[in-house]
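Scroll down for the structure; my scribbles are underneath it.
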Amino acid sequence: MARIIGGIGTSHVPTIGVAYDKGRQEDPVWAPLFEGYKPVAKWLAEKQPDVLLFFYNDHATTLFFDLYPTFALGVGERFPIADEGAGLRGLPDIRGDVDFQAHIGEALVNEEFDLAFFQNKPIDHGIASPLPLLWPHEPDWPGTVVPIAINVLQYPLPTARRCYRLGQAVRRAVESYPEDLKVVVVGTGGLSHQIHGERTGFNNTEWDLDFLETLRDDPERLTQLTHADYVRLGGAESVEQIMWLAMRGALGASLEEMHRNYYLMTTTAMTVVTYEERENAAVGSQREREVA
Amino acid sequence: MFTQNPQTLGMPEGTYVFDLRTCNRRLAFNRFFWNMIRPEARQAFWDDEEAAMRAAGLDDEEMALVRARDWLGIVQAGVNFFVLEKWARVVRKTNLEVYAIMRGESFEEFMQTRAVPHAR
């Protein structure tokens, strides 16, 4: 049986990718960011997951607004990393496991999450910004990716609660796959930032830290917020944090936060957090009650 | 008849909701910027900006905004920032430079408001 062995929340700021490609890992300005990912990369190297299942958003790259799905799952053995206006990055194509992706898609639709599906499309910084900080890529990535894109660009957006429930359904989908795959769920985006309009540059560290505590210990509370609440508290583009709720929904009730790094350098509170489930009977029974 | 999406009720000032109505009104303008993910569209823009805008079907107001490099005006007109940033690469502006412009500040002024002012 496939199982989820942990979760990661991570920002997906595109300039992380630029700094990575330019080799600025030791640059004093960027080091607090890159150093903060090392324990995560080490954790992944030790746990050796077969799959990273991403809840992320496309930034109108793979998909355009003439047909913009609320939820879309990518199917394919390879996904090129997208040209977003500045050319290609020189990273290997992201790998996929078609049988596992198809199973997740089928299981979700059969649970009434009517996803769209994309094939043979490039994937943008929603995954590609943090991926090389999580996994090595020479000569190739060590595992496969399940990309689940969530619309956080064009209102109406899926609600926070819907994203949380999507995560819960993904857990059941993973656990109904017969092969012994180890899966880490990843939610990308955030934390506080606004990058359009006169309110550009808005941040709220107090809210960011409150969000992280609540996400770990009482995520249901975060499902009650409206999108305007997220925008008011964390800036317009921080509404991406509903994708962290999808990741959280796929994890058990009681979590251990293994690692956290928070670095607000210019406009985005760049954050990475790693979670493992506390393994005790009470957690299991609570999870079963939620599922029921 | 306009109906209010409860999701966007109470949005703060200086924030522009990109929704179905905005998209419907400005699809061609958004597509013009989205196309910049393709090298041939970037080359066409560098070769002849006016011809590229005409081919994309922009209206007079949209063309004026592009000519003026009016970043805030383009957002206010109904362009999603995530297609706009693709064009920023084409006209060699960093996102930080665009942010400063949208706030009505010089780049140096803007960076002084940041936690790490010398970051690039």
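Over the Cα atoms of chain B, each weighted equally, I'd like the Debye log10 I(q)/I(0) at q = 0.14, 0.17 Å⁻¹, rounded to two decimals.
Each listed q corresponds, in turn, to -0.68, -0.93.
Kindly compute the accessible surface that chains A and B hide from a 1.4 Å probe when together, both sides summed, and give it to the nearest 100 Å². Present the calculation step by step, with values, prior to reporting the outcome.
Working: alone 12390 and 7840 Å², together 16530 Å².
Counting protein atoms only, the buried area is about 3700 Å².
Counting only protein heavy atoms and a 1.4 Å probe, tell me what percentage of segment B:22-111's accessible area is made up of carbon and sulfur.
The C+S portion of the solvent-accessible surface of segment B:22-111 is 49 percent.
For segment B:1-44, what's the radius of gyration and Dmax over Cα atoms, in angstrom?
When restricted to Cα atoms, segment B:1-44 yields Rg and Dmax of 14.9, 42 Å.
Quick one: longest stretch of chain A between exposed loop trypsin sites (Lys or Arg not before Pro), exposed meaning at most 14 other C-beta atoms within 10 Å and loop per DSSP?
Free of exposed loop sites, the longest segment is A:23-277.
Are there residues in segment A:40-66 whose accessible area shrinks by at least 20 Å² when all protein chains are included rather than the chain by itself, and which are they (probe 1.4 Å, ligands and nucleic acids not counted)?
When all protein chains are present, A:HIS59, A:ALA60, A:THR61, A:PHE64, A:PHE65, A:ASP66 each give up 20 Å² or more of accessible surface.
Just report the Cα centroid separation between segment A:206-273 and segment B:43-120, whole Å.
When both Cα centres are located, 29 Å separates them.
Which value, in Å², gives the accessible area per residue of segment A:3-291 when a 1.4 Å probe is used on the protein heavy atoms?
Result: 36 Å² of accessible area for each residue.
Under 10 Å, Cα contacts only: if you run a Gaussian network model on chain A, which one of A:GLY96, A:GLY201, A:GLY85 comes out with the highest mean-square fluctuation?
Per the Cα network of chain A with a 10 Å cutoff, A:GLY85 tops the list.
Could you work out which residue, out of A:ASN110, A:ASN204, A:ASN57, moves most in a Gaussian network model of chain A, that is, has the largest mean-square fluctuation with Cα springs under 10 Å?
The residue that fluctuates most here is A:ASN110.
Measuring from centroid to centroid over Cα atoms, what is the spacing of segment A:76-103 and segment A:165-182 in Å?
What the calculation gives is 22 Å, centre to centre.
Report relative contact order for chain A in percent, whole number only (criteria: Cα-Cα under 8 Å, sequence separation at least 6).
This gives 30 percent for chain A.
Please identify every one of the chymotrypsin sites (Phe, Trp or Tyr not before Pro) in segment B:1-61 that sits in a loop by DSSP and has no more than 12 other beta carbons within 10 Å of its own beta carbon.
B:PHE2
Quick one: compute a quarter of the convex hull surface over the Cα atoms of chain A and quote it in nm².
Mean projected area of the Cα convex hull: 14.4 nm².
The values are calculated or read from the model by the stated rules, or taken from the named source; none is laboratory data. If you're wondering where the values come from, they're calculated on a predicted model, not measured in any experiment. Cβ: placed from backbone, ideal geometry, glycine included. Neighbour counts: every protein chain shown. For accessibility, only protein heavy atoms count, side chains too; no ligands or nucleic acids. Shrake-Rupley method; radii C 1.70, N 1.55, O 1.52, S 1.80 Å.
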